[in-house]
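Let me begin by presenting the structure, written as structure tokens, before commenting on it.
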Amino acid sequence: MKKDFLSIRDRTREEILATLSLASTVKSHPEKFASSLKGRTLAMIFEKPSLRTRATFDIGIQQLGGFSLLLLPTEINLGKRESLYDVTKNLERMVQGIMIRTFSHQVVLDMARFASVPVINGLTDYSHPCQAMADYFTIQETKGSLAGLKLCYVGDGNNVAHSLMFAGARLGVHVTITCPKGYEPNPDALRLAMDDASLSGASIEISHDPDTAVHAADVVYTDVWASMGQESEAEERRKIFQPFQVNRKLMGKAKPGAIFMHCLPAHRGDEVTDEVIDAEYSVVFQQAENRLHVQKAIMLQLMQ
Ligand code: CP
Ligand code: NVA
């Protein structure tokens, strides 16, 4: 297994399934792992806001017997007060792992190259692999299996969409991204996911018609229309994305028994209505909790 966890594509299908399996054991028997990372420290660098990532890594490392060190932009001012290289070379002598949430994916790739300790991607503009791991863990928990399922992602072809495609492609899940024209996933990410899918029996499709795209979907997934860093586009996007709102009418076109997912935070009334996110088929808080169990598994694999 690679030293770092920067992208779902860093892992083979077998490695992903092994992490999900370990996460299941961690979830059912947390006490078995209470000292597994005793005395080990995870540095957490956040250049963007967070609730779930911050809480689950912080609580997760402590539940494994270790410590967390929170580093906010006001303190380290990455790349301005001190270069990325120097920050990394300092931290690797003090901590046993670094989780970083930042804007440019290149920053995470460079940090991993500089660091002798594992680096974990806690979200970049390109991808959100920890989220996708927790999401497929949640789907497996709810549906009992993964291969052959159909996941329809409705909305912006963003970081979350990329990681869902990459993981679906590895795991044999059919992923359809339905989005307004001009808001498709990054073409390189799409090509990579399609290449991977051709090896696993999965399929990756793009659609601009949400009504037909959700047809027969086992999972309907959405995310905010304007991601962190795109706040100035929020008003324009609100108009463009309106036909892609996940509401009861759209959910009614999915497969009977379909679940609703959202990485959160949600903008209720925009990409999803209250009646959907609060419905019994919504698993959004189960997803959020599963970030904890899955990331504990990832830290166990990388930091022991
Ligand atoms: N889903 C997710 O990563 O949430 P936060 O932005 O709150 O960490
Ligand atoms: N696409 C969202 C995900 C937040 C967890 C963003 O990047 O803001």
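Annotations for the structure displayed:
- The range 279-294 and the range 85-158: distance between their alpha carbon centers, rounded to Å: 18
- Charges were assigned to the Cβ only: +1 to each Lys and Arg, -1 to each Asp and Glu. The resulting dipole of the range 65-224 about its Cα centre is roughly 440 debye.
- Scanning residues 5 or more positions from TYR221 or on other chains, those with amide H under 5 Å from its amide H are CYS152, TYR153, VAL154, MET261, with H placed 1.01 Å from N in the peptide plane.
- Two tests apply to each whole DSSP H helix in the chain, Cα reach of 15 Å or more along its axis and mean Kyte-Doolittle hydropathy of at least -0.5, and the ones passing both are 13-28, 129-143, 159-171, 187-200, 284-303.
- Stretched out straight at 0.36 nm per residue, the stretch from LEU264 to LEU199 would grow longer than its current Cα-Cα span by 20.3 nm.
- Considering all C-alpha pairs of the range 7-136, those separated by over 20 Å amount to 47%.
- Here, P(r) means the percent of Cα pairs in each 20 Å bin from 0 to the largest distance; for the chain it is 35, 58, 7.
- Compactness ratio for the range 249-304: Cα radius of gyration over 2.2 N^0.38 Å (N = residue count) comes to 1.45.
- Centre separation in Å (Cα based) which lies between the range 163-201 and the range 204-241: 15
- ASP211/GLU15 FRET efficiency (R0 51 Å; Cβ-Cβ; nearest 0.05): 0.90
- About its Cα centre, the dipole of the chain is roughly 780 debye, where the only charges are +1 on Lys and Arg Cβ and -1 on Asp and Glu Cβ.
Every number here is computed from the coordinates shown, using simple stated rules; none is lab data. Predicted model, so just to flag it, every value in this text is computed and none were measured. All Cβ positions, glycine included, derive from the backbone under ideal geometry; neighbour counts span all protein chains shown.
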